Amino acid sequence: MATITIEIDEPVFRGLEETAREQNRTASELLRDLAVAYEQSHRAPRKKGRSIRDIPRLSLGGMLNPVGTIDEIFEEMVDLRNE
């Protein structure tokens with residue numbers, strides 16, 4: 001195990017010590033359990049082989065304006081470049 005030093009406000013530390021006494025544990029044990037719980041709840045599990053195909057599909061509705069054919073799109077792009 002690694003040893004760390006932290007600074008916390010006195011009232012918080014007194015509360016921690018009181019809770020530890022009530023549970024017949026040490027403040028270090030409580031802090032260790034808190035650190036483990038925090039780490040587990042904030043780290044997303046990483047799955048091997050996860051693909052973009054695993055993301056659920058989302059429908060945003062229909063097209064507002066028809067796009068047109070490839071030729072029409074190309075002509076519009078060329079026209080915009082020539083402006």
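The values are calculated or read from the model by the stated rules, or taken from the named source; none is laboratory data. Since the structure is predicted, the reported quantities are computational estimates derived from the model, not experimental observations. All Cβ positions, even for glycine, are placed from backbone atoms using ideal geometry, and neighbour counts span all protein chains on display.
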Residues of the range 2-19 satisfying the condition of being in contact with a helix residue (DSSP H, G or I) (Cβ under 8 Å, 6 or more places away or on another chain) and either exposed (fewer than 10 other Cβ atoms within 10 Å of the Cβ) or among the aliphatic types (A, V, I, L, M) (or both): ILE6, ILE8, LEU16
For the chain, list the helices (runs of 4 or more DSSP H) that sit wholly inside it and hold at least 2 residues that are within 31 Å of the chain's Cα centre (by Cα) and at pLDDT 80 or above; which are they? 10-22, 27-42
Pairs needed: first member in the range 20-40, surrounded by 10 or more Cβ atoms within 10 Å (Cβ to Cβ); second member anywhere, polar (S, T, N, Q) and not in a helix (DSSP H, G or I); C-beta distance under 8 Å; at least 6 residues apart or different chains. ALA20/THR26; LEU30/GLN23
